[in-house]
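S.K.: Below is one structure. I have some questions about it.
Every number here is computed from the coordinates shown, using simple stated rules; none is lab data. It should be emphasised that the depicted structure is a prediction, and the values quoted were computed from it without experimental measurement. Glycine gets a Cβ as well: all are built from the backbone with ideal geometry, and neighbour counts include every protein chain shown.
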Amino acid sequence: MNKKFNIKKYLDALSEPNRLAILSFLKNGEKCACEIHPKLKLPQNLSSHHLKVLKNLSLLKSRREGIKIFYSRNEKIIKNYQLELTKIII
């Protein structure tokens, strides 16, 4: 297995329903953090925690524009995790 991808951490992150909801919400493109927490009906600090976990695994990219932070899915990394997982399961 490629050491670059920690499948256990990936699966642990995805086992949390709010993180799956964030990844699903971002399927349609980049969103401001200020759009994410209301959509998930979570307090801002809790949605920030989930965003940080996903970003630490490189599943999300972020960029700052003034005081706003915009998040998007890192499709290349997501695809790589999918391929690694497929190698294990299939």
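S.K.: Shape verdict for region 7-89, please, from the Cα gyration tensor: rounded (a/c under 1.5), prolate (a/b greater than b/c) or oblate.
M.R.: Prolate.
S.K.: Please turn the phi angles of region 13-24 into ³J(HN,Hα) values with the Karplus equation 6.51 cos²θ - 1.76 cosθ + 1.60 (θ = phi - 60°), one per residue in order, whole Hz, x for glycine and proline.
M.R.: 5, 6, 6, 8, x, 5, 5, 5, 5, 5, 4, 5
S.K.: I need the phi-derived Karplus couplings for region 77-86: 6.51 cos²θ - 1.76 cosθ + 1.60, θ = phi - 60°, integer Hz, Gly and Pro marked x.
M.R.: Result, ordered by residue: 5, 4, 4, 5, 5, 4, 5, 4, 5, 4 Hz.
S.K.: For Lys8, go through the lysines and keep the ones whose alpha-carbon is under 20 Å away, minus same-chain ones fewer than eight residues off.
M.R.: Hits, sequence-local ones excluded: Lys52, Lys55, Lys76, Lys79, Lys87.
S.K.: Let me ask something else about it. How high is the relative contact order of the chain? Use alpha-carbon pairs under 8 Å, at least six apart in sequence, and give a whole percent.
M.R.: That works out to 33 percent.
S.K.: Counting only helical runs of four or more DSSP H residues, what would the 222 nm mean residue ellipticity of the chain come to if each run contributes -39,500 (n - 2.57) and the total is spread over all its residues?
M.R.: Value at 222 nm, helices only: -17500 deg cm²/dmol.
S.K.: Glu65 versus Leu83, label points 7 Å from Cα toward the beta carbon: distance in nm?
M.R.: So the label points at Glu65 and Leu83 sit 3.1 nm apart.
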